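Q: Structure provided below as structure tokens; questions to follow.
Every read-out reported here was derived from the displayed coordinates using simple, explicitly stated rules and does not represent laboratory data. All values derive from a computational prediction rather than experimental measurement. Neighbour counts run over all protein chains shown; Cβ positions are idealised from the backbone, glycine included.
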4 protein chains.
Amino acid sequence: MPSSIKRIGILTGGGDCPGLNAVIRAVTKTALHRHGLEVMGIEDGFQGLVQNRLRQLHNEDVSNILTLGGTILGTNNKCDPRNYVVARNGHTEKADVTDRCMEHLAHHQIDALVVIGGDGTMSVASHFVRQGINCIGVPKTIDNDLEGTDVTFGFATACMIASEALDRIHTTAASHHRAMIVEVMGRNAGWLALQSGVASGADIILLPEIPYDIHKICQAVTDRSRHGKRFSIICVSEGAKPVGGKVVVDRVDPNSPDPIRLGGVGKVIATQIEELTGIETRTTVLGHVQRGGTPVVEDRILATQFGHAALDGLMRGLQSRLIVMKGRTVSDIDLLDVADKQRLVKLDHPLMQVARDLGTTFGD
Amino acid sequence: MPSSIKRIGILTGGGDCPGLNAVIRAVTKTALHRHGLEVMGIEDGFQGLVQNRLRQLHNEDVSNILTLGGTILGTNNKCDPRNYVVARNGHTEKADVTDRCMEHLAHHQIDALVVIGGDGTMSVASHFVRQGINCIGVPKTIDNDLEGTDVTFGFATACMIASEALDRIHTTAASHHRAMIVEVMGRNAGWLALQSGVASGADIILLPEIPYDIHKICQAVTDRSRHGKRFSIICVSEGAKPVGGKVVVDRVDPNSPDPIRLGGVGKVIATQIEELTGIETRTTVLGHVQRGGTPVVEDRILATQFGHAALDGLMRGLQSRLIVMKGRTVSDIDLLDVADKQRLVKLDHPLMQVARDLGTTFGD
Amino acid sequence: MPSSIKRIGILTGGGDCPGLNAVIRAVTKTALHRHGLEVMGIEDGFQGLVQNRLRQLHNEDVSNILTLGGTILGTNNKCDPRNYVVARNGHTEKADVTDRCMEHLAHHQIDALVVIGGDGTMSVASHFVRQGINCIGVPKTIDNDLEGTDVTFGFATACMIASEALDRIHTTAASHHRAMIVEVMGRNAGWLALQSGVASGADIILLPEIPYDIHKICQAVTDRSRHGKRFSIICVSEGAKPVGGKVVVDRVDPNSPDPIRLGGVGKVIATQIEELTGIETRTTVLGHVQRGGTPVVEDRILATQFGHAALDGLMRGLQSRLIVMKGRTVSDIDLLDVADKQRLVKLDHPLMQVARDLGTTFGD
Amino acid sequence: MPSSIKRIGILTGGGDCPGLNAVIRAVTKTALHRHGLEVMGIEDGFQGLVQNRLRQLHNEDVSNILTLGGTILGTNNKCDPRNYVVARNGHTEKADVTDRCMEHLAHHQIDALVVIGGDGTMSVASHFVRQGINCIGVPKTIDNDLEGTDVTFGFATACMIASEALDRIHTTAASHHRAMIVEVMGRNAGWLALQSGVASGADIILLPEIPYDIHKICQAVTDRSRHGKRFSIICVSEGAKPVGGKVVVDRVDPNSPDPIRLGGVGKVIATQIEELTGIETRTTVLGHVQRGGTPVVEDRILATQFGHAALDGLMRGLQSRLIVMKGRTVSDIDLLDVADKQRLVKLDHPLMQVARDLGTTFGD
């Protein structure tokens, strides 16, 4: 039975991630070229659906965007139509604007949605699935921490950026006989720290999954020093935590009642290493550069495969599935299955053993 | 039962490949740090074994080489101790110098070999296996065409270089309304052309596995022209061949009895496109830049995993195995199994279907 | 006296060159933002003027193009309105279509032209100057061979690309004990070979300005070999020539009456080195990758300065001038002064002496 | 009269800077190859001179270091032999150890020193000049803020890194409709912010030389928003300061009597923009990645020229001079002339006018 789908919508939600445009391009090109569908781009995630900001995507709209960072549709990492902030009688309040979204979908004759995003975006997508809208999800996280898929696009690019920074820092550390800390992203998952740390030969890698003992870290730094290696490279995940504790990162601003987050775990560890070992230590926090810009080859291909699989799945009759990669095969799982399930680095992950055997310390 | 191995040898054979030093580093660091072994580096592949050029590798010898292209041990892609060129009585002849190699191994008390190389190197390694020397192979080919493993190190770096070139060429093509051809490596396998072509959105991709019809290529170029796209990017594998034929690439040098290879398939196709369509066409042959320099993150990690697995396997008692990657898991296969078996792109490879559905032409 | 200019035209001619879009952006932004002018983009160089293909450029047209390779206006390296190919009575002939161009300029009320291009483009621009059209030229050549300016945009990017290739090739040469040749662009000028050769520590650099003696080259290669350096990196300009001679690069195609250019000086030298020294030698011809893609910082700034200076000059009343860089100061010279004057590398150029003192050979 | 110099010493002082190894290589190769001198490398800046840690540099020591970040000699940015910390009777005190240095120089028969470093290092060098040691200085600062030279090596590499980060951040800003701040180095000089800001098309550039008005910044951000540009890129120098004020950047650590520097001007401005405009704003502090790693082509050539000129100058009889670049010509000035003189961005610098005319705001 041929698919009855004539026109689809597509949107991107959540934080920036290299490869978003590659997905949009693959979905649109496959839809236009292979299946003769029409594609409506929804601007700024679900916010564009609430505000009825959609535009048709033609082949020329998605030409030359494969290498482009960001998303040509715009994104939004806060909008939930079930709790939408509306102005009413001079003040703002939250309202459920699902009906408005449904009207816009009907008005534009959209038969199905391709939704590219992370946890939050998929949670909203599930809501629309329950309203009867077929949504195919494409997972997006540079943190690579999604349960159900072995890898997500954007992660390889983030690894490249983190690794390049570690390589650069390496020469400074070696010339100055310093400990150098590079703090990378990853939220509660250590994938980015582990991969970029191994790729750049970091001496110490600190993951959220393994609470660190600052004394073990200092021991490793001074051991290296004793063996004639007068520098140490430390790759620390932003979510790393000390044994039995919480990183103190807030400051009290004398002019403000609220604490302001000014530093992170990297700076805290640097201070402690200097105090405990006397070895000069510097921290670099990579921040948003890890999220933006041209995707690497691996992410371009993965994003293209995911986008194609989403559209292809739609036409094959898939209902509310999330596209994933298992081993080296594209597959799909239930869209609702991934909510709130994070894929963390297991302590017996093979790459951890590799790193340990080569002499890397995890602070445990 | 603990391993009786006390000292290992390591060598690299065949062509250059980004990640060789990462393997050498991983083998050596794991041997020294984890197992307390000694490591002898054999220079210039099996030639160093014949000529007794070995040197001990210490930790400092493999520090800071992770990001370094090439191989610190040197390589050689012709030496076969069974057919070794020796000078005798004023002329050269071929001789079997296996005994000499065995003496050198015995003299240096080498208990096992880690052999990093391609087909040719593994064939020689098998010979030593039959002489009773335990060899663990680590596969090396930027062409990614080895039967038995899903991926080889060096390939991702080659893809990155090819893709960067395609990206650069893209702007020139678009500005000049030209067809631009980029000829990439791959021997008889189209992996590099396929991956880099998809990653850079090439309009036409030509693989050795799919004989091309020059008229189909010209059709695709002129079709694009008619649709307002006044340029075409063609990614062609060096091994691509026309339907029913062979590429003519040799010239007759008036001063030499032998033909000299001056051009390749890329230049031949360019000439034909210009003749058949009148559209200006230019070719770039990437050549050896695809083989050298700093490996990308993916290759650094893969090479590190392979090196670690080789040493780890040795200590676990593996005998004459080749380290491979299946899915995302490191494994091993019989060293003799891979000889002369090439992994080609299958015509139903999922990425080929993705490319076709997005509008890419394969010239068939 | 305020300028009477209300609307300008802008076009790009000649080959691709990183930084073209940065010039277009700077001209347009300065015109719109600073002077309140209107800007008409002329498509595909002077061909767009003949064919009346112009479009107005607004701020959004030049947003996000600073880092983009190529030219958003398109270019053309053959069109000369004085010798324009027109179809007449079933055959083509050449005609002077200057009047047609003048009508189009008048129709669009264009008061002055900013013309970005090389020798050929400036020659056409001078023709329009003689017709009474004020043209301000912005020089464009990746070869950096323009008399009157110390540097041109695009050159730094080409140097970076050539240098990256030389760096990659370096590891292959060192691992294999080979001579490796990289042939770079430059036409009759050796700037690109000199700068990229010095930047990457090439052992031998061959420039068009210094006829090479193949025996001196072989001597340098074997000398290095004798001193334990078993590889040599040779950076050769495409225009390099042997002492007293001409490089033979053409082949006779058995199926064609015309010789086809298949190889260049790099391949010829490789063959000779192998024959004369027995040392394995490989050549890479960089080709068009040197002309395309994102410009480096230096070129972005230079192109921005040139574009700004062109528009600024127009408003200050400059007539038929070419924007140039003297030392580190932007200046301008007579547009007609540069025709057919090429800036070559002088034999006593300071960087040549630097290279010689460090041990580099120039084959002389 | 031939120079009586037979053996020179070389050292690197101060912070890391891409190009240091290129200088060491050029000095050493010129000394060995051109003048037949001997070269002693002094480790870790002047500290190696105090501690008599010198080693002879041969050609192979400086091969393959041209592209290497850092310094193979090590550096030190605190050691001053006039105020050297020595342990005496169980406590530390400061002493003048100049005599000890002079003995080591005499013992190693060093006739002259090449000193690569910044202000602090040159101040120590002048001290040795007054002791009768001929020192030729090579200036080093990624900040490009040295009076007497138009450009210093390392600066171009830092610009490239900052510009790459701005490019990446750009896509995130555009996708999220945010203001994004990138804080770059430069101490009291805005060169790095100005050049990288212009090269990446930053909308707002804040320099130490131009006190900023936060309301002007917010005005620019909201103006862009009103014109449909829903994002702003702000490139801020670490030394930027508000009108009439000082940036508050310290926190009081409850567990420590001393304030700890956790944030900088970038984070302060982000907080203010969010408060004053309601527009989401993020900051990235680039930090030490700007100082390390492989130098770009421009820096490799400049560093090579400087190193060559230092040695060449020595042999021509120069006494206590600092190598500089004026326009595009290498020259030299009195070593003592540069002490404590910083080259700041002048308010009428041509590039500032270019940026303003293109629409960039400087917050004034």
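Q: Could you order the peptides D:197-206, D:85-94 from most to least packed, using the average number of other C-beta atoms within 10 Å per residue? Don't jump to the answer; show the numbers that get you there.
A: On the way: D:197-206: 26.9, D:85-94: 8.7.
In descending order of packing, they fall as D:197-206, D:85-94.
Q: What's the magnitude of the charge dipole for region C:1-65 around its Cα centre, counting Lys and Arg as +1 and Asp and Glu as -1 at the beta-carbon? Answer in Debye, nearest 20.
A: Details: 7 positive and 6 negative charges, 55 e Å.
That gives a dipole near 260 debye.
Q: While we're looking at this one, here's another question. Other chains' Cβ within 10 Å of D:199-207 residues: what's the mean?
A: Numbers: counts 12, 4, 11, 0, 0, 0, 0, 0, 0.
That average works out to 3.
Q: Net charge around C:P350, counting only other residues with Cβ within less than 12 Å of its Cβ (Lys, Arg = +1; Asp, Glu = -1)?
A: On the way: positive: C:K346, C:R356, D:R328; negative: C:D348, C:D357, D:D312.
Net local charge, C:P350 excluded: 0.
Q: Something else about it: Where the only charges are on Cβ atoms (+1 Lys, Arg; -1 Asp, Glu), what is the dipole of region A:18-158 about its Cα centre, to the nearest 20 debye?
A: Numbers: 12 positive and 16 negative charges, 49 e Å.
Computed charge dipole of region A:18-158: roughly 240 debye.
Q: Does region A:320-364 classify as rounded, prolate or oblate by the C-alpha gyration tensor (a ≥ b ≥ c root eigenvalues; a/c under 1.5 gives rounded; else a/b over b/c gives prolate, otherwise oblate)? Working shown, then result.
A: Numbers: a/c = 6.06, a/b = 2.27, b/c = 2.66.
Since a/c reaches 1.5 but b/c is at least a/b, the shape of region A:320-364 is classed as oblate.
Q: Here's a follow-up. Listed highest first by mean packing, meaning other Cβ atoms within 10 Å per residue, what order do A:106-117, A:158-169 come in?
A: Working: A:106-117: 21.5, A:158-169: 27.3.
Ranking, from highest mean packing down: A:158-169, A:106-117.
Q: Is region C:1-119 rounded, prolate or oblate when judged by the Cα gyration tensor, a ≥ b ≥ c being the square roots of its eigenvalues, rounded requiring a/c under 1.5 and prolate requiring a/b larger than b/c?
A: Values: a/c = 2.50, a/b = 1.47, b/c = 1.70.
Taking the square roots of the gyration eigenvalues as a ≥ b ≥ c, region C:1-119 is oblate.
Q: Just to be sure I understand the model, the point goes 7 Å from the Cα along the line to the Cβ. What's the resulting A:E147 to C:H33 distance in nm?
A: 5.0 nm
Q: Still on this structure, I have one more. Report the calculated FRET efficiency for D:H227 and B:Q353 (r = Cβ-Cβ distance, R0 = 35 Å), to the nearest 0.05.
A: Efficiency for this residue pair is about 0.20.
Q: Also, I was wondering about something else. Could you work out the Rg to Rh ratio of the protein assembly as shown, with Rh taken as the Kirkwood radius (inverse of the mean 1/r over all Cα pairs)?
A: Values: Rg = 31.8 Å, Rh = 33.5 Å.
Over the Cα atoms of the protein assembly as shown, Rg/Rh equals 0.95.
Q: Next question. Defining a contact as two alpha carbons under 8 Å apart and six or more residues distant in sequence, what relative contact order in percent does region C:7-161 show? Each step should come with its number before you reach the end.
A: On the way: 286 pairs, mean separation 41.1, N = 155.
This gives 26 percent for region C:7-161.
Q: Would you mind giving the mean number of other chain beta-carbons within 10 Å of the Cβ of each residue in D:349-355, as a whole number?
A: Values: counts 0, 6, 5, 0, 3, 12, 2.
Partner-chain Cβ atoms within 10 Å, mean over residues of D:349-355: 4.
Q: Give me the mean projected area, in nm² to one decimal, of the convex hull enclosing the Cα positions of chain B. Numbers along the way, then the final one.
A: Working: hull surface 85.0 nm².
Mean orientational projected area (chain B, Cα hull): 21.3 nm².
Q: On to the next question. Give the chain B residue with the shortest beta-carbon distance to the rotation axis relating chain B to chain A, plus that distance as a whole number of Å.
A: Nearest to the symmetry axis by Cβ: B:G327, 2.
Q: A further question follows. Using +1 at the Cβ of each Lys and Arg and -1 at the Cβ of each Asp and Glu in region C:43-107, identify which of C:G90, C:T67, C:V50 lies farthest towards the dipole's positive end.
A: Farthest along the dipole direction, towards plus: C:G90.
Q: For chain D, calculate the relative contact order in percent as a whole number, restricting contacts to Cα pairs under 8 Å that are 6 or more residues apart.
A: On the way: 790 pairs, mean separation 80.5, N = 364.
Once normalised by length, the contact order is 22 percent.
Q: In degrees, nearest 10, range 0 to 90: what is the angle between the Cα axis of helix D:20-29 and the longest Cα principal axis of chain D?
A: 30 degrees
Q: Right, here's the next one. Give the average, rounded to an integer, of partner chain Cβ atoms located within 10 angstrom of each Cβ in C:275-283.
A: Working: counts 1, 0, 0, 0, 0, 2, 0, 3, 3.
Rounded to a whole number, the mean comes out at 1.
Q: Additional query: Using all C-alpha to C-alpha distances in region D:173-253, build P(r) with 5 Å bins and read off the rounded percent in each one.
A: The distribution over region D:173-253 is 3, 15, 23, 24, 18, 11, 5, 1, 0, given as percents.
Q: Could you name the aspartates and glutamates whose alpha carbon sits less than 13 Å from that of A:K29, not counting residues in the same chain fewer than 8 places away?
A: Result set, ordered by chain and number: A:E38, A:E60, A:D61, A:D312, B:D203, B:D357.
Q: Further question: Sequence neighbours fewer than 8 away in the same chain don't count; with that in mind, list the aspartates and glutamates whose C-alpha is under 16 Å from A:K267.
A: Reachable aspartates and glutamates: A:E183, A:D213, A:E238, A:D250, A:E275, A:E280, D:D250, D:D253, D:D258.
Q: Just order A:62-73, D:304-315, C:268-279 by mean Cβ neighbour count inside 10 Å, highest at the front, would you? Don't skip to the end; give the middle numbers.
A: Values: A:62-73: 21.7, D:304-315: 25.6, C:268-279: 17.8.
Highest-to-lowest ranking by the protection proxy: D:304-315, A:62-73, C:268-279.
Q: Springs between alpha-carbon atoms under 10 Å, Gaussian network over chain C: tell me which of C:L194, C:L347, C:L302 tops the mean-square fluctuations.
A: Comparing C:L194, C:L347, C:L302 in the GNM, the peak value goes to C:L347.
Q: Determine the dipole magnitude for the protein assembly as shown: charges of +1 sit on the beta-carbon of Lys and Arg, -1 on that of Asp and Glu, nothing else is charged, the reference point is the Cα centre, and the result goes in debye to the nearest 20. Before the final figure, lay out the partial values.
A: Working: 152 positive and 164 negative charges, 1 e Å.
With only Lys, Arg, Asp and Glu charged at Cβ, the dipole is about 0 debye.
Q: If you filter region D:24-90 for GluC sites (Glu not before Pro), then keep DSSP loop positions with at most 16 other Cβ within 10 Å, what is left? Could the numbers behind the result be given before it?
A: Numbers: sites: D:E38, D:E43, D:E60; in loops: D:E43.
Sparse-neighbourhood loop GluC sites (Glu not before Pro): none present.
Q: To make sure I understand the rule: partners must be lysines, Cα under 22 Å from the Cα of B:K94, and not fewer than 8 residues away in the same chain. Which ones qualify?
A: B:K78
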